[in-house]
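Working notes, beginning with the structure itself.
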Amino acid sequence: MDNLIDGRAISEQLHAETTQRVFALKSRGVEPKLVFVRVGEDPASKVYVGMKERTSARVGIVSETRVLPETATEDELLAILRELNNDQSVHGILVQAPLPKHISETKIFSTVLPQKDVDGFHPVNVGKLMLGDITGFLPCTPAGVHELLIRSQIKIPGAEVVVLGRGNIVGKPMAAILMQKGKNASATVTICHSQTRDIAGHCRRADIIVAAIGVAEFVKADMVKPGATVIDVGVNRIADPAAKGGSRLVGDVDFARVQPIAGRITPNPGGVGPMTIAMLLQNTVRAAELSSP
């Protein structure tokens, strides 16, 4: 079916635009730089940071990774962040989550300077989003979903949107982005979560469903209105004896059964994932632009 929203293709458009902006900065003597900070050897975190490093290099952004052992203290991590905050050559700082349990993510994310917070997690940037202040940085995944909708010409103003999940990384900021007053927003947004009564009923009314609830293949065919747009943010590992290693990754949407009903739908992988990195690099370039007007 040709109803797929191709996140890889759209992310390539964004990378081309980012590359041009990087070239313009370098012509003025500004070298955009992004620093990743990783604590411990979590396999998924290593993969994610590696992907971000490679894509940064592709668009011309200098990147560096600081790695601390799992046993590193909160104070040691804070010291590195303060050093990076004071380094004028660093434009973006990304602390890779999850962090070890003895380190407060809230404290860490609040320590990165708002103007270098290219993940969009600092309370100042979160507050700006809620106020509709466009000078802040948006969290990369919901910003990527928004860009997917815009570039796929999905009508947002007036649309009924259901966001599945109320997390701080996707659910809450996604709702805030789509409900803002503006050309590519002004949607009517319902957030559904574990305590919501009749989630299926809410979904069946939706023109757009953004699934970020963290439950494998949660969205079934009978929950989707014919012609609705379905965006799958989920990443879940399920057992599959036929797959390599005995398991495979799936999203929050039962893709095979929902695709024939949806008007537009993201594949998983190949939908939202590439957009998250694309928006991170756009935020980094913007941070460099703002630091050297």
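The values are calculated or read from the model by the stated rules, or taken from the named source; none is laboratory data. If you're wondering where the values come from, they're calculated on a predicted model, not measured in any experiment. Note: ideal-geometry Cβ built from the backbone for every residue, glycine included; neighbour counts use all protein chains shown.
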All but one of (1) in contact with a helix residue (DSSP H, G or I) (Cβ under 7 Å, 6 or more places away or on another chain); (2) farther than 21 Å from Y48 by Cα; (3) assigned by TED's automatic domain parsing to the domain that holds V67 hold for S89; which doesn't? (1)
For the list (1) outside any strand (DSSP E or B); (2) out of contact with any Leu (no Cβ under 8 Å at 6 or more places or on another chain); (3) modelled with pLDDT of 95 or more; (4) not aliphatic (A, V, I, L, M), I need the number of the one condition that G182 fails. (3)
Among the strands (runs of 3 or more DSSP E) confined wholly to segment 193-293, which include 2 or more residues that are surrounded by fewer than 17 Cβ atoms within 10 Å (Cβ to Cβ)? 236-239, 247-250
For segment 125-151, which positions are among the hydrophobic types (A, V, I, L, M, F, W, C) and surrounded by fewer than 18 Cβ atoms within 10 Å (Cβ to Cβ)? M130, L131, I134, I150
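Among the candidates R8, R21, R66, R58, which residue alone is of a type in the set (K, R), touching a residue at least 24 places away in the same chain (Cβ under 8 Å) and either under 19 Å from Q88 (Cβ atoms) or touching a strand residue (DSSP E or B) at 6+ places or on another chain (Cβ under 6 Å) (or both)?
R66
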Just the residues that are of a type in the set (K, R) and crowded, with 17+ Cβ neighbours inside 10 Å, please, taken from segment 152-173. R166, K172
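In the list K101, K155, which residue meets the criterion of being out of contact with any Ser or Thr (no Cβ under 6 Å at 6 or more places or on another chain), over 22 Å from S45 (Cα atoms) and either part of a loop (DSSP other than H, G, I, E, B) or not assigned by TED's automatic domain parsing to the domain that holds S186 (or both)?
Result: K155 is the single residue among K101, K155 that is out of contact with any Ser or Thr (no Cβ under 6 Å at 6 or more places or on another chain), over 22 Å from S45 (Cα atoms) and either part of a loop (DSSP other than H, G, I, E, B) or not assigned by TED's automatic domain parsing to the domain that holds S186 (or both).
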From the list S11, S63, S45, which residue is in a strand (DSSP E or B) and either touching a His at 6+ places or on another chain (Cβ under 6 Å) or small (G, A, S) (or both)? S63
Check on T71, in a loop (DSSP other than H, G, I, E, B) and at pLDDT 95 or above: yes
Given the options T73, T65, name the one that is within 20 Å of the chain's Cα centre (by Cα) and either crowded, with 16+ Cβ neighbours inside 10 Å or not aromatic (F, W, Y) (or both). T65
Filtered residue count, segment 80-109, keeping only those that are crowded, with 16+ Cβ neighbours inside 10 Å and either farther than 17 Å from R286 by Cα or under 18 Å from the mean Cα position of the chain (by Cα) (or both): 14
Filter result (charged (D, E, K, R) and out of contact with any strand residue (DSSP E or B) (no Cβ under 8 Å at 6 or more places or on another chain)) within segment 106-145: K107, K128, D133
